[in-house]
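Trainee: Below: one structure in structure tokens.
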Amino acid sequence: MSALTLSTSSATAQRADVVVIGVAKGAKGPVVAPGGEAVDKAYGGKLAATLDALGAGGSEGETTKIPAPSAGIKAPVVLVVGLGEAPGKHESYDTETLRRAAGTAARALAGTKKAAFALPVDDATAVAAVTEGALLGAYSFTSYRSSEEDGVGTGGGRKTAKRGGKDADKSKAKDGSRAPLAEVTVVGAKPRDKEHKAAADRAEVLAAEVARARDLINTPSNDLTPAVFADRARDAAKQHSLDIEVLDEAALAKGGYGGILGVGQGSENPPRLVRIAHTHPKAKKTVALVGKGITYDSGGISLKPVGHNETMKCDMSGAAAVLAAVVSAGRLGLRVNVTGWLALAENMPSGKATRPGDVLSMYSGKTVEVLNTDAEGRLVLADALTRAGEESPDAIVDVATLTGAMVLALGNRTFGVLSNDDDFRTTVHELAEEAGEASWPMPMPTHLRKGMDSPVADISNIGERPGGGLVAGLFLKEFVDDDVLWAHLDIAGPAFNESGPFGYTPKGGTGSGVRTLVRLAERAAAGELP
């Protein structure tokens, strides 16, 4: 990850390769945003007019590189990033605008060693937003690329090119892609101010853990089996002094985890259930996080059609988010107990695979008729939800790339929030907004439950096709005690970005849900759950 420094020196005095400033859309043309005043002065106060002449109006996501004047700025290049509409006279730029602008600039500066970000940072919240956006935007997944200095990698692309740090400028891939921005300086942030320092430190942890989730999601399924995923969790637990327990296939069979075993039995790579936990001696609340971890989803016997399975390595995004959130809680020292449950399996067709019409005996004791083996995520989650509930947490939140129906409802950038408590659903939605993650509260109409009635078992794993995302939520609700706060995040849309990058969001794995879960843990630590 990019190195980070805070600086109170002027933007014009920064010894960097590039200085980043913001420009907004004003009533009469582009307006240089706060933080860029000294740079504007170096251009004789004519920077806005110059940008206007170049066609740079300040639209969000717009970037313009211009050479620095021969005197007045130590950096040789100025990168101007659009912030969208300028706020009112007594208003500030909102945090997501700053986060996206910083991320856009960081992406545009791939291949650059050091950049100084002179964006509006009038308080610690703004410092956090710029820091977080810049570090998230500087992400790049290079593990399967051969750098020019290393030559062609072997072993399925497992040779890792260098990322970040002083050698970042050397790791240019054969395809011409460049290493991420190596060093970020946030101008105007005070390194000796406790609030500024704490905000930047938190942003640095969040960016690192979102990168952990992104790396896991981007790793091909041949290298990330359930057992390997569990090993990655062990490594993280050891590094950050977290508790961990891993149930292998034998332990799962002994414990009666029929949902996880039923999904994983068709694969040569057996399933796992991982419990990883951050505990604090002064914690008064416990939050359980449950993540769907299907390391590859072929659909099983109900095989996915061509065009729907090429990106199914991302079907473990929920488990990746949960792992990253628990590690974040540990690294931040949050005064709350956070337990993560990673339900890991590979859904493959074979002579041993679960068939449509089979009945599984779940960990809860309930039986499920499997009518569609491609509705497998809810089966592994059901076992993990029941197990998580046995520890009597104050709240349970599960995260999953669960249904295509949610993508159809909310698109590719927004996840759905369902809950057994309206206030809790609203809280999670608000926390997601605070974190900069788009979400939308969704209902759970009780009449849809009847569609899952089974003539041979307690419940079927699918119901009516219309409202499929809501039906999935109703299924999961069956495995959560009514007196426990529970929410379900369906991140099927935003978890994996198949289009071009935008803001601080890369193509591929996004780490969706991590920042929302961390905000939830922080809210619980403050004793503010509904």
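The values are calculated or read from the model by the stated rules, or taken from the named source; none is laboratory data. Just so it is clear, the model here is predicted, and its values are computed rather than measured. A quick note on method: Cβ atoms are made from the backbone with ideal geometry, for glycine too, and the neighbour counts reach across all protein chains shown. Please note that ligands, DNA and RNA were not included when accessible areas were found on the heavy atoms of the full protein model with its side chains. Shrake-Rupley method; radii C 1.70, N 1.55, O 1.52, S 1.80 Å.
Trainee: Filter segment 46-58 down to the residues that are under 17 Å from A86 (Cα atoms) and surrounded by 15 or more Cβ atoms within 10 Å (Cβ to Cβ) and list them by number.
Mentor: The answer is L47, A48, L51, D52, A56, G57, G58.
Trainee: Considering every residue within segment 504-522, establish whether at least one is small (G, A, S), open to solvent by 30 Å² or more (accessible area, probe 1.4 Å) and at pLDDT 95 or above.
Mentor: Looking through segment 504-522, none of the residues is small (G, A, S), open to solvent by 30 Å² or more (accessible area, probe 1.4 Å) and at pLDDT 95 or above.
Trainee: I'm checking my understanding of the structure. Among residues of segment 65-79 that are touching a strand residue (DSSP E or B) at 6+ places or on another chain (Cβ under 9 Å) and closer than 13 Å to A11 by Cα, which one is most open to solvent (accessible area, probe 1.4 Å)?
Mentor: K74
Trainee: Here is a follow-up. Anything in segment 317-353 that is surrounded by fewer than 24 Cβ atoms within 10 Å (Cβ to Cβ) and assigned to a loop (DSSP other than H, G, I, E, B)? List them, or say none.
Mentor: G333, L334, R335, M348, P349, S350, G351, K352, A353
Trainee: Out of everything in segment 426-483 that is open to solvent by 20 Å² or more (accessible area, probe 1.4 Å) and among the aliphatic types (A, V, I, L, M), what residue ends up being farthest from G365 (Cα to Cα)?
Mentor: Residue satisfying both the conditions and the ranking: A438.
Trainee: Continuing with this model, one more query. What residue, of P494, P530, is in a loop (DSSP other than H, G, I, E, B), in contact with a Phe, Trp or Tyr (Cβ under 6 Å, 6 or more places away or on another chain) and modelled with pLDDT under 95?
Mentor: The conditions single out P530.
Trainee: Now for a separate question. From the list P281, P270, which one is over 30 Å from A203 (Cα atoms), open to solvent by 10 Å² or more (accessible area, probe 1.4 Å) and not charged (D, E, K, R)?
Mentor: P270
Trainee: Select from segment 73-92 the residues that are in a loop (DSSP other than H, G, I, E, B) and at pLDDT 95 or above and list them in ascending order.
Mentor: I73, K74, A75, P76
Trainee: Any idea how many residues of segment 1-45 are surrounded by fewer than 16 Cβ atoms within 10 Å (Cβ to Cβ), at pLDDT below 95 and in a loop (DSSP other than H, G, I, E, B)?
Mentor: Looking only at that region, the number is 2.
Trainee: Hey, another quick one. Tell me which residues, restricted to segment 362-374, are closer than 21 Å to A251 by Cβ, open to solvent by 20 Å² or more (accessible area, probe 1.4 Å) and not charged (D, E, K, R).
Mentor: Y363, S364, G365
Trainee: Right, here's the next one. Determine which member of the set V380, V326, V306 is of a type in the set (A, V, I, L, M, F, W, C) and within 17 Å of F479 (Cα to Cα).
Mentor: Just a single option satisfies the conditions, and that option is V380.
Trainee: Being over 27 Å from P305 (Cα atoms) and small (G, A, S) is the filter; apply it to segment 386-423 and report the residue that is most open to solvent (accessible area, probe 1.4 Å).
Mentor: Checking each candidate, the answer is S392.
Trainee: Filter segment 375-385 down to the residues that are of a type outside the set (A, V, I, L, M) and in a helix (DSSP H, G or I), then identify the one that is surrounded by the fewest Cβ atoms within 10 Å (Cβ to Cβ).
Mentor: If we take residues in segment 375-385 being of a type outside the set (A, V, I, L, M) and in a helix (DSSP H, G or I), then R378 is surrounded by the fewest Cβ atoms within 10 Å (Cβ to Cβ).
Trainee: List the pairs whose first member sits in segment 98-110 and is charged (D, E, K, R), whose second member is crowded, with 24+ Cβ neighbours inside 10 Å, and whose Cβ atoms are under 6 Å apart, counting only residues at least 6 apart or on separate chains?
Mentor: So the pair list comes out as R99/A129; R99/E132; R99/G133; R107/G137.
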